[in-house]
Amino acid sequence: MENWHTELALTFHEETKHSYESVYRSRHFLDWANQPQPFKRYLGLEAIPLPADLPMTRMPALLALSPPSEMAVTTSVPTLHDLAYVLFYAAGVTKRRFYPGHGEMLFRAAACAGALYHIDLYLSVGDVPGLQAGLYHFDPHDFALRQLRQGDYRRVLVEASGDDPALQEAPAIVVGSDTFWRNAWKYRARAYRHSFWDAGTVLANLLAAARARTLPTHLTLGFADALVNALLDVDTDREVALFLVGLGTGAPLPAAAPPVQPLHLQVAPLSREEFDYPAIRIIHAASSLESPEDAAEWRGVISEAPLPPVTGEMFPLCPDPAGSLPSAALEDVIRRRGSTRRFSHQSLSLVQLSNMLTRATQPIPADCLTASGRRLNDLYLIVNAVEGLPSGAYVFHPQSPALELLCAGDFRRQAGELALGQELAADASVAVFCLCDVLALLEHFGNRGYRVAQLEGGILGGRMYLAAYAQGFGATGLTFFDDDVTAFFSPHAADKSVMFLIALGYTARR
Ligand SMILES: Cc1cc2nc3c(=O)[nH]c(=O)nc-3n(C[C@H](O)[C@H](O)[C@H](O)COP(=O)(O)O)c2cc1C
């Protein structure tokens, strides 16, 4: 199985790093006339409108970041309204803006590199109240489902996962996919990293939205890729499944699923022409699992990798207790969310930063991450303006929780340089870098571990977006010069690679 030829993931990682040379010598330009559509549109299928009168839970967004294990399950089988709620707050259209010369832009619930929106959601359900058993595609453009297959196909997904026990009785399973060209148009082969970053921000919202509806969730990343892709009936050179999420519980699978036949459905073209980036197809094939048995064997968690011994001054964090978190409701936070385009230099309080770090790092309910919240990524920070913290470089110790000062100093200029020369990171109050020991990860998970680490980075980033807006400040994901970030945080971060960068702070008034 190619999954264990881990030199393939390492090659992809090395070849898609940003360096001064790769960025400033690049001849790539954006062919605006050939920009892909940000929606997958099936032709000739009846739209099943989703209910627009979505329930308001008013659950504090910060509380909605808690893992499902900490909640009393009150909804075991989602209704159509629950599903509409989860889909809307994960990937719905939340804002419309008109740009002269460009037309109307539809912004979504979750942040997405380049606003190219290349992640699609599908839904496989048994009979749930208000929706017939079937496989559906979610189209945020008209907030509707389209039925691709009639019948209960959940067993196909559960079998593909090697019978992941936590997926077995989920009444609804969301499948997230990526269409490479929709992001590669701008970012070329590096878009494969964005597959997971942008899927991660969608997942951060999706998990929080399900939590707000008291629906248990479970994320499955180990599955036989070909079986899931065949169910979606996608052309795998262009579009592939990335994740499965079980929603709800207590709905046993039918004895058998209907046969999976090709669908021959028509889809609107994305652009005049599509370009292929072979490096994407190679790393995706190399991180694919071939059979349900492979998926079952792959599933499992990586053992604890402690941070290096503490040598710097420790600054304990002081998050609000779960009962008195800021009250901004998840619905309002997601509707208000948007990437900050300019930061003021106003300081964050230590409580705000503490809430952000501790809430964003709540355990992710997944087949390959521990319930205790052990992550593959460690969080490194450049603190520019936080009350009670000297400016400098830090590493986050989640258990304490505390920040260890690695090096004191004013690193605004360096933060901007590391973020590909973007002032946003220099002006922000804090820049948080998710870093991961890729070699150790590949040894344990094979190439598929690369997907997991990038996705975890995206989920952490997506949660930090929510935690920022829940506390009245802003955030933006950013790209970065890979090796320069590692060098900046070394020797502490030697051998680690950046999986996500997010800048946080108050928005500057224009
Ligand atoms: C993974 C990721 C990387 C991003 N990188 C950048 C970046 O390098 N520079 C930037 O200005 N914005 C960046 N953004 C912000 C996106 O441009 C923004 O999310 C998108 O335009 C959609 O707008 P919204 O977040 O306001 O809804 C990034 C967002 C994500 C999720």
Checklist entry - If a residue has to be open to solvent by 10 Å² or more (accessible area, probe 1.4 Å), charged (D, E, K, R) and under 13 Å from Leu435 (Cα atoms) to count, how many in segment 467-510 make the cut? => result 4
Checklist outcome for this item: Of the candidates Thr57, Thr74, the one satisfying the condition of being under 21 Å from Ala322 (Cβ atoms), over 20 Å from the mean Cα position of the chain (by Cα) and at pLDDT below 95 is Thr74
Checklist entry - Quick one: which helices (runs of 4 or more DSSP H) sit completely within segment 411-457 and have at least 1 residues that are surrounded by fewer than 24 Cβ atoms within 10 Å (Cβ to Cβ) and away from the ligand (no atom under 16 Å from the Cβ)? => result 412-418, 438-445
Next on the checklist: So, Val202, is that one in contact (Cβ under 8 Å) with a residue 24 or more places away in the chain, among the hydrophobic types (A, V, I, L, M, F, W, C) and surrounded by fewer than 18 Cβ atoms within 10 Å (Cβ to Cβ) or not?
Outcome noted: no
Next on the checklist: With the requirement that a residue be more than 16 Å from the ligand (Cβ to nearest atom), assigned to a loop (DSSP other than H, G, I, E, B) and in contact (Cβ under 8 Å) with a residue 24 or more places away in the chain, what does segment 458-490 give you?
Outcome noted: Gln471, Gly472, Phe489
Checklist entry - Taking the condition surrounded by 17 or more Cβ atoms within 10 Å (Cβ to Cβ) and assigned to a loop (DSSP other than H, G, I, E, B), does Pro51 pass? => result no
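Rundown of residues vs (1) at pLDDT 95 or above; (2) part of a helix (DSSP H, G or I), yes/no style:
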| position | (1), (2) |
| --- | --- |
| Ala230 | yes, yes |
| Val240 | yes, no |
| Phe243 | yes, no |
| Pro258 | yes, no |
| Gln261 | yes, no |
| Arg272 | yes, no |
| His284 | yes, yes |
| Asp294 | yes, yes |
| Gly300 | no, no |
Next on the checklist: Would you confirm whether or not segment 158-179 contains a residue that is within 16 Å of the ligand (Cβ to nearest atom), buried (at least 21 other Cβ atoms within 10 Å of the Cβ), touching a residue at least 24 places away in the same chain (Cβ under 8 Å) and not hydrophobic (A, V, I, L, M, F, W, C)?
Outcome noted: yes
Checklist entry - Restricted to segment 376-400, and to residues that are under 22 Å from Gly458 (Cβ atoms) and touching a helix residue (DSSP H, G or I) at 6+ places or on another chain (Cβ under 9 Å), which residue is surrounded by the most Cβ atoms within 10 Å (Cβ to Cβ)? => result Ile382
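The values are calculated or read from the model by the stated rules, or taken from the named source; none is laboratory data. Keep in mind that what you see is a predicted model, and the values were worked out from it rather than measured. Counting neighbours? That spans all protein chains shown, and the Cβs are built from the backbone with ideal geometry, glycine included. Accessible surface is based on the protein model in full, side chains and every heavy atom, while ligands, DNA and RNA are left aside. Shrake-Rupley method; radii C 1.70, N 1.55, O 1.52, S 1.80 Å.
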